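Accompanying notes for the structure given below.
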Amino acid sequence: MFGLPKRLTILPLFLLGLLAANATAQDPPSEESINYFRTNCASCHTIGGGRLTGPDLKGLAERKDREWLVKFLLDPKATLDAGDPYGQKLLSDARGVYMPPVAGMNKELANKLLNLIDAESALEKSKFSGFQISERPLTDLDIATGKALFNGQKALQEGGPACISCHTLSGLSGLGGGLLGPDLSGAYSRLEGRKALGAWLSSPPSVVMQPLYTNSPLDSEEVLALVAYLKATAGTGELEAESTSLEFTLAGIALAAGLMVLFDILWRKRFRSVRRTLLAQR
Amino acid sequence: MTNYFWFGVFPYISLVVFFLATIRRYRTESFSYSSLSSQFLENEQHFWASVPFHYGILTVLGGHILAFLCPQMILGWNAVAARLIALEVTGLAVAILTLVGLINIVIRRLRFPKARRVTTAGDWFIYGGLLVQVVTGIGISINHGWGSSWFATSLTPWLWTLVKFNPDVSYITPMPLMVKAHIINAFLIILVFPFTRLVHILVVPNPYLWRKTQVVIWNWDRNRIRKSN
């Protein structure tokens, strides 16, 4: 054909075939979608590993059509509020907790993620079958290790920051932990136990934590120790953040006043000699 | 997009203006490099304005620079709860000193006609900017503690991405509004720095700290001079 070698005549057909395939078709999952799922979805969902905070996504395509799923990923709350019975069921399974809006989501990414879920569902064991946290009974040593990790007395192996920088917890000494993030006293019960909390800790999806822990993840022993500590302190009542803020503010004011007195004493001779003359002339 | 402008672009605009305008002012108006002290015009309240303000702001600035340069050292220090609280309370106390000094500066310049006379529009602008900076700083310290730790974990990495000309605003995007306002205002102050009295920071006579003591004495008969007037 046109004097071209046979192999080259096949090439345009192959390229045409590639062009014809659109993003919604079953392309092999891209590295981008795998990384995205790992960072943003795996902390609440497994594929074939059972429910965490969110439902198991194995066989998702059989539950709802692609159009609805894309719409859901683009705006989870609006889609659930639209009154669809399946949406209502999802909401009641999640005890009324909506899936949070997903960072950087668009139609193309949604399709890529759904392709990935379909491909992983077809496998006997998906690489997202869930964070495997040990089932062994939690010991006092685990709790003590968890406490040391939380407070920063024991550094995290990969160099991630200690929890206390941003989170407080009941039972912490002094004025408690940081107030940038939520109080973690109820985290164990909020996330419904070891498995889901472990998955959350193994790849935290929060926008503040993500840049900090993506390259410095917690290892499985650290996750277990923190789960043990959060379980041990769960339900002992949340700290009253306002009262600790007040104590902190008063301590700051007291120290500032003390420093002013110190200045006055240190410079008690400040108005002698030339300065006294200047003051008198004013 | 807005975040990218304020935390990925604006800092560079601010720093470029800072360097170019600072150098230009030094080359063309080197004698204007001064805070133009008004101490001679009013010396009593001046003490309660200048001293707490300067000791306060120098300590606060030092803390910020330390967290930028040695974040691991700060986190190591904060690993013991008592040390963390000592650092945070000290930080808040010096911020309150700064605020007290700044309020006294403003009151003094309004109250004493001579001091008011020499206060320029630029001075008022910088007092306003500093007031916003100190108030938001104190607000963050109280409402979003423990800043010494999360500055080291979340803001230091962002600042280093700026240094490496590859700004990553994802560290800042989720930060509370007050933190964002504090950062934007900081770069605004850096932007106007070369046009204000703040340039005196660059010409602090540091050798005074280690040079030999000089005793200044009156070498004339004061009574005689006064009588001749």
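The values are calculated or read from the model by the stated rules, or taken from the named source; none is laboratory data. Here the structure is a predicted model, which means the values were calculated and not measured. Positions of Cβ are backbone-derived with ideal geometry, glycine not excepted, and every protein chain shown enters the neighbour counts. The area values use the complete protein model at the heavy-atom level, side chains included, leaving out ligands, DNA and RNA. Shrake-Rupley method; radii C 1.70, N 1.55, O 1.52, S 1.80 Å.
Could you pull out the residue among B:S148, B:S154 that is in contact with a Cys (Cβ under 9 Å, 6 or more places away or on another chain), open to solvent by less than 40 Å² (accessible area, probe 1.4 Å) and closer than 22 Å to B:L61 by Cβ?
Numbers: B:S148 fails: in contact with a Cys (Cβ under 9 Å, 6 or more places away or on another chain).
Only one candidate qualifies: B:S154.
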So in segment B:161-181, with the set limited to residues that are part of a helix (DSSP H, G or I), free of Cβ contacts under 8 Å to residues at least 24 places away in the same chain and open to solvent by 40 Å² or more (accessible area, probe 1.4 Å), which one is nearest to the other protein chains (Cβ to nearest Cβ)? B:S170
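When the residues of segment B:61-77 are narrowed to those that are within 12 Å of chain A (Cβ to nearest Cβ) and touching a Ser or Thr at 6+ places or on another chain (Cβ under 9 Å), which ends up nearest to B:V134 (Cα to Cα)? Lay out the reasoning, then the answer.
First pass over segment B:61-77, keeping only residues within 12 Å of chain A (Cβ to nearest Cβ): B:67, B:71-72, B:74-77.
Okay, now just the ones that are also touching a Ser or Thr at 6+ places or on another chain (Cβ under 9 Å), so B:67, B:71, B:74-75, B:77.
Details: B:A67: 18, B:P71: 22, B:I74: 22, B:L75: 24, B:W77: 24 Å.
This residue is B:A67.
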Please specify each residue of segment A:137-147 satisfying the condition of being open to solvent by 20 Å² or more (accessible area, probe 1.4 Å) and either part of a helix (DSSP H, G or I) or touching a Phe, Trp or Tyr at 6+ places or on another chain (Cβ under 8 Å) (or both). A:D140, A:L141, A:I143, A:A144, A:T145, A:K147
When both residues are 6+ apart or on different chains and their Cβ atoms are under 6 Å apart, which pairs have a first residue that lies in segment A:200-218 and is assigned by TED's automatic domain parsing to the domain that holds A:G160, and a second that is of a type in the set (S, T, Y) and open to solvent by 40 Å² or more (accessible area, probe 1.4 Å)? A:P211/B:S170
Conditions (1) in contact with a helix residue (DSSP H, G or I) (Cβ under 8 Å, 6 or more places away or on another chain); (2) without any contact (Cβ under 8 Å) to a residue 60 or more places away in the chain: number failed by B:K212: (1)
Within segment A:134-189, which residues are more than 9 Å from chain B (Cβ to nearest Cβ) and among the charged types (D, E, K, R)? A:E135, A:R136, A:D140, A:D142, A:K147, A:E158, A:D183
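Give the number of residues within segment B:11-57 that are among the β-branched types (V, I, T), more than 29 Å from B:H182 (Cβ to Cβ) and touching a residue at least 60 places away in the same chain (Cβ under 8 Å). Quick ask: steps written out before the conclusion?
Initially, segment B:11-57 is screened for residues among the β-branched types (V, I, T), giving B:13, B:16-17, B:22-23, B:28, B:51, B:57.
Imposing the further condition that a residue be more than 29 Å from B:H182 (Cβ to Cβ) reduces the set to B:28.
Add one more test, that the residue is touching a residue at least 60 places away in the same chain (Cβ under 8 Å), and what stays is none.
Residues in segment B:11-57 being among the β-branched types (V, I, T), more than 29 Å from B:H182 (Cβ to Cβ) and touching a residue at least 60 places away in the same chain (Cβ under 8 Å): 0 in total.
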Is there a residue in segment B:131-145 that is crowded, with 18+ Cβ neighbours inside 10 Å, modelled with pLDDT under 90 and at the interface with another protein chain (Cβ under 9 Å from one of its Cβ atoms)? yes
Only one of (1) more than 11 Å from every other protein chain (Cβ to nearest Cβ); (2) within 30 Å of B:G145 (Cβ to Cβ); (3) small (G, A, S); (4) assigned to a loop (DSSP other than H, G, I, E, B) fails for A:G130. Which number is that? (2)
Out of (1) surrounded by fewer than 18 Cβ atoms within 10 Å (Cβ to Cβ); (2) modelled with pLDDT under 80, the one A:W267 does not meet is (2)
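Give me a count of the residues in segment B:100-125 that are within 12 Å of another protein chain (Cβ to nearest Cβ) and open to solvent by less than 40 Å² (accessible area, probe 1.4 Å).
Filtering segment B:100-125 for residues within 12 Å of another protein chain (Cβ to nearest Cβ) gives B:100-101, B:104, B:112-115.
Okay, now just the ones that are also open to solvent by less than 40 Å² (accessible area, probe 1.4 Å), so B:101, B:104, B:112, B:115.
Going through segment B:100-125 one residue at a time, the tally reaches 4.
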Checking B:A81 against (1) more than 11 Å from chain A (Cβ to nearest Cβ); (2) within 30 Å of A:L156 (Cα to Cα), which test does it fail? (1)
Any hit, segment A:166-175, residues being open to solvent by 50 Å² or more (accessible area, probe 1.4 Å), hydroxyl-bearing (S, T, Y) and not assigned by TED's automatic domain parsing to the domain that holds A:W68: yes
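Quick grid of which residues meet (1) modelled with pLDDT of 95 or more; (2) crowded, with 16+ Cβ neighbours inside 10 Å:
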{"position": "B:G56", "(1), (2)": "yes, yes"}
{"position": "B:T59", "(1), (2)": "yes, yes"}
{"position": "B:A67", "(1), (2)": "no, yes"}
{"position": "B:C70", "(1), (2)": "no, no"}
{"position": "B:W77", "(1), (2)": "no, yes"}
{"position": "B:V80", "(1), (2)": "no, no"}
{"position": "B:R83", "(1), (2)": "no, no"}
{"position": "B:T90", "(1), (2)": "yes, yes"}
{"position": "B:I96", "(1), (2)": "yes, yes"}
Step by step: first the residues of segment A:41-68, then only those that are over 15 Å from A:E120 (Cβ atoms) and open to solvent by less than 20 Å² (accessible area, probe 1.4 Å), then the one that is modelled with the highest pLDDT. Which residue is that? A:G54
Report, by residue number, each residue of segment A:198-212 that is more than 10 Å from every other protein chain (Cβ to nearest Cβ), assigned to a helix (DSSP H, G or I) and either in contact with a strand residue (DSSP E or B) (Cβ under 7 Å, 6 or more places away or on another chain) or within 20 Å of A:L180 (Cα to Cα) (or both). A:W200, A:L201
